[in-house]
Amino acid sequence: MTPKPARRLIPWLLAALLAAAAVAAPIVAWRALRFDNFAVVTEGRLYRSGQPKPGQLERLIAARGVRTVLSLRETNAPPGIIAAEEDVCRRTGARLVNLPMPGDGRGDFEMFDSALRILSDPGSLPALVHCARGSYRTGAVIALYRILVEGVPEEDAFAEMRRYRFRENPEKPLYPYLRQYLKSRSAEAQEP
């Protein structure tokens with residue numbers, strides 16, 4: 001037989017456990033649904049984020065009709081993440097394109113060209129562009145898309161990068177690198 005003082009504590013302990021579960025459950029559910037650094041770039045056309053979890057990716061494909069997932073992750077990403085993403089895309093019919101860029105966002109100019117070709121192709125849209133955190137590589141591709149496809153001024157596109165956790169690294173500056181890319185592509189467009 002449980003002593004009376006301990007018996008009186010049982011309802012209070014149960015109430016405290018239920019209250020804790022009621023507070024924790026929405027937080028856990030919210031974290032499971034929330035993409036890291038997710039945003040709508042252009043509704044119905046283009047989305048951006050950090051690496052989505054398989055369930056998140058599946059829900060996004062279903063809810064937004066995503067046809068193309070453009071992953072900018074390097075090939076040394078954890079194999080389980082890559083395999084899970086491949087599996088979701090295979091099951092849902094979405095096309096997965098991997099353009100592995102270095103984490104600082106300074107990809108080969110040809111990779112930027114490929115990304116922009118994909119994002120400019122109506123048959124590839126809607127598309128999700130992501131990297132590990134959705135800041136540097138994704139920020140660079142989205143900034144170039146904004147500038148070259150949508151005609152957004154450079155400074156506005158770069159300001160958008162900063163809103164998604166991009167911070168310029170003085171040792172590996174990305175803004176001058178992107179300006180160099182823009183200048184090279186502008187010069188190529190002007191050649192006869």
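The table for this structure:
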{"item": "Two-site label geometry, SER114 and ARG162: point separation in nm, points 7 Å out along Cα→Cβ", "result": "3.2"}
{"item": "Calculated diffusion of the range 36-190, Stokes-Einstein form, Kirkwood radius summed over Cα pairs, 25 °C and 0.890 mPa s, µm²/s", "result": "158"}
{"item": "Dipole axis of the range 36-190 (+1 Lys, Arg; -1 Asp, Glu on Cβ), positive-most option in TYR164, THR75, MET101", "result": "TYR164"}
{"item": "Relative packing of peptides 114-123, 73-82 - highest average C-beta neighbours within 10 Å first", "result": "114-123, 73-82"}
{"item": "At R0 = 35 Å, FRET efficiency that the Cβ-Cβ distance of TYR177 and ARG64 yields, to 0.05", "result": "0.70"}
{"item": "C-alpha center-to-center spacing [the range 38-109, the range 152-184] in angstrom", "result": "22"}
{"item": "Charge dipole (debye, nearest 20) of the range 68-192; +1 at Cβ of Lys and Arg, -1 at Cβ of Asp and Glu", "result": "360"}
{"item": "Most to least packed among 153-164, 100-111, 136-147 [average Cβ atoms within 10 Å]", "result": "136-147, 100-111, 153-164"}
{"item": "Relative packing of peptides 179-189, 89-99 - highest average C-beta neighbours within 10 Å first", "result": "89-99, 179-189"}
{"item": "Those residues of the range 135-173 whose amide nitrogen sits under 12 Å from the label point placed on SER186, 7 Å along Cα→Cβ", "result": "148, 153-155"}
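Read-outs throughout are calculated quantities, based only on the coordinates presented, and are distinct from any laboratory measurement. None of the values given here were measured: they were computed from a predicted structure. Using ideal geometry, Cβ is built from the backbone for each residue, glycine included, and neighbour counts are taken over all protein chains shown.
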